[in-house]
Amino acid sequence: MNLLLLLSTAHALTLDEAVRRAAEVDPDALVSELTAHQARLDAAGAWVQLGPTPSISASRRFAAGTVADTNGVRVSLDVLDPVAWADAGSASALARSLNHTAHATSLDAQYAAATLFYTVLSTEAALAAAQEGERFAQATTEATSARVSAGLESELAGRSARLGLLEAQATTAQSEADVAIARATLSRALQQDVDALEAPTGLLAIPDATNDSPWIDAAEAQLAMAKWDHAAAIAGLFPSGSIAADSTLGALGDWSLTLGVTWQFDGVAGPFLKARRAALEQRIEVVQLDAVERDLALGLTTAREQARAADRVAEAARAREELANESLQVGQTRLSVGLASSLEVLRLQDDAAEARSDRVNAELDAATARLEARRVAGLGW
């Protein structure tokens, strides 16, 4: 029996394992990471375009019975094109933003899985409490039935006790269903079967006021991208330069260097309108960054205070449950010796059941409040 217990414990899923698994299989996290990878490739391509771009050409001309071959090599550079530089910078900023977004999405998926993990533990605790309540109700029913048979209690007391037992049995049945549903939900999120869970030894620490949320980093990168786009729009008002070197194959001395200047006009007011629009987009990103920072600061303050309050509520709920269970045990003892009525014990039984339920809910609230505070603060696992 001890060996079986050790094997069961060894294969129990831990919280750290659950969150690691969630980061690996969550669809949103995977798609976000792949999208960020695409953006990194696009940014690399944008910077490569600024370097040498070689091309080889070959042609044969037939005219008046003669054949003429022309082969050439051309190397061009866009280093004098400020718009191309700004576009490359914008692509890099976008890649950074999507990298931070992928990290934030992965963290959100991990904290969602952690919440499901604690929900399973809570439903298991609720089931244990319901089973304990059913045992108390069974004992009360048996004691009340004996007193009814002895003529010490009315039939009404016996019926009330049986009703209490039926209610306790129904609570147990619902708790069993809640455990099954919570396990199935966690299994779906982790895309693997979930059997035994290893409860954490203690609650996670409440974070301090520092906010390192990757969502702020993503918003800052979006602002950087808007600045690059604005720079590109301004650069579009001015000419762009190019350098190209050409050489004819087979004639080493036949080469040329071309410096070009292009000044493109998109209508009379088009470039100015684009620059103005890019400036407004930059201001939008500034406002959005400020809103994200303020919202996350408020969310962290709220979550930290709720976590502290939930700790006190859970502590009070545990003390209340202990007192209610002691009162019920005393009441059942008094009932067995005829010093208490069945209706009085049934009331104590209801109080104990409510106290057990409140304790389970309060402990879940304390755990999830800490998770939310850590998620908002951007703390990793």
Q | Cut-off 14 Å between beta-carbons: net charge of the residues surrounding Glu124, Lys and Arg +1, Asp and Glu -1 | A | -3
Q | In Å², nearest 10: area of Ser145 left accessible to a 1.4 Å probe | A | 50
Q) Given labels modelled 7 Å from the Cα in the Cβ direction, how far is it in nm from Asp42 to Ser187? A) 4.0
Q.
Please check: in the Gaussian network model of the chain (C-alpha springs, under 10 Å), which one of Thr248, Thr119, Thr301 has the largest mean-square fluctuation.
A. Thr248
Q. Gaussian network model of the chain, Cα springs within a sub-10 Å range: biggest mean-square fluctuation belongs to which of Arg318, Arg135, Arg96?
A. Arg135
Q. Given springs between every Cα pair under 10 Å in a Gaussian network model of the chain, which of Leu323, Leu156, Leu289 has the largest fluctuation?
A. Leu156
Q: Would you work out if segment 107-259 is rounded, prolate or oblate? Take a ≥ b ≥ c from the square roots of the eigenvalues of the alpha-carbon gyration tensor; rounded if a/c is under 1.5, else prolate when a/b is larger than b/c, oblate otherwise.
A: prolate
**Q.** Normalised per residue, the volume of the convex hull around the Cα set of the chain (Å³)
**A.** 259
Q. Expressed as a rounded percentage, what relative contact order does the chain have, with Cα pairs under 8 Å and six or more residues apart?
A. 25
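The values are calculated or read from the model by the stated rules, or taken from the named source; none is laboratory data. For clarity, every value in this text was computed on a predicted model and none was experimentally measured. Cβ: placed from backbone, ideal geometry, glycine included. Neighbour counts: every protein chain shown. The area values use the complete protein model at the heavy-atom level, side chains included, leaving out ligands, DNA and RNA. Shrake-Rupley method; radii C 1.70, N 1.55, O 1.52, S 1.80 Å.
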